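The structure under discussion appears below in the form of structure tokens.
Throughout, read-outs are computed from the coordinates displayed, never taken from laboratory work. In this text, all values refer to a predicted model and were calculated from it rather than measured experimentally. All Cβ positions, glycine included, derive from the backbone under ideal geometry; neighbour counts span all protein chains shown.
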Amino acid sequence: MAKKRGISFTRRMPDNITEELIAVLSSKASFEFKPLFDIILLNLRERNAASGGEEMLRLRAYEKLQGLVSQGAVNREVTGITKKYKGVATRMAALRIEMKALRADCNRRALAKAAAAN
């Protein structure tokens with residue numbers, strides 16, 4: 001007999017990979033995964049936010065990208081064996097606003113925690 005799942009924990013912190021995916025896919029261009037990942041990796045390294053190995057980061061980025069595809073925020077166009085990804089403008093704008101609010105809330109909580117520690 002399967003065990004009933006209880007309340008699950010959802011991480012409500014800013015996600016650097018998703019933020020970068022949204023930033024890159026908000027342009028009107030379409031990308032294959034490899035060039036898209038190269039741009040994301042470069043941006044994360046500039047922000048000093050690329051932790052873990054490159055292969056693990058690639059897997060996490062692909063998983064986040066597939067999540068955006070399943071949400072309808074990104075269109076996937078398959079031509080033969082080539083897959084190209086392009087953001088849906090209206091959904092990308094909504095996700096960008098949500099991520100900014102999440103980042104602001106996290107920063108506010110961190111400042112409050114630091115002030116309480118002093």
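In degrees from 0 to 90, rounded to the nearest 10, what is the angle of the helix 89-117 Cα long axis to the longest principal axis of the chain?
20 degrees
Quick one: angle between helix 54-71 and the longest Cα principal axis of the chain, in degrees between 0 and 90, rounded to 10, please.
80 degrees
With each run of n ≥ 4 DSSP H residues scored as -39500 (n - 2.57), what mean residue ellipticity at 222 nm is computed for the chain after dividing by its residue count and rounding to the nearest 500 deg cm²/dmol?
-20500 deg cm²/dmol
Check which residues have an amide H placed less than 5 Å from Val74's amide H, if you skip close sequence neighbours.
Val69, Val88
Kindly provide the Kirkwood hydrodynamic radius of the chain in Å, to one decimal, from all pairs of distinct alpha carbon atoms.
With all distinct Cα pairs of the chain included, I get 16.1 Å.
Could you pull out every residue, at least 5 positions away or on a different chain, whose amide H is within less than 5 Å of the one on Ser30? Hs are placed 1.01 Å off N in the peptide plane, and Pro or chain starts have none.
none
By average Cβ neighbour count within 10 Å, what is the ranking of 79-90, 64-75 from highest down?
With the highest mean Cβ count within 10 Å placed first, the list reads 64-75, 79-90.
Work from the charge dipole of the chain (Cβ charges, +1 for Lys and Arg, -1 for Asp and Glu, about the Cα centre) and give the residue of Ile40, Thr18, Ala101 farthest towards its positive end.
Comparing the listed Cα positions along the dipole, Ala101 ranks first.
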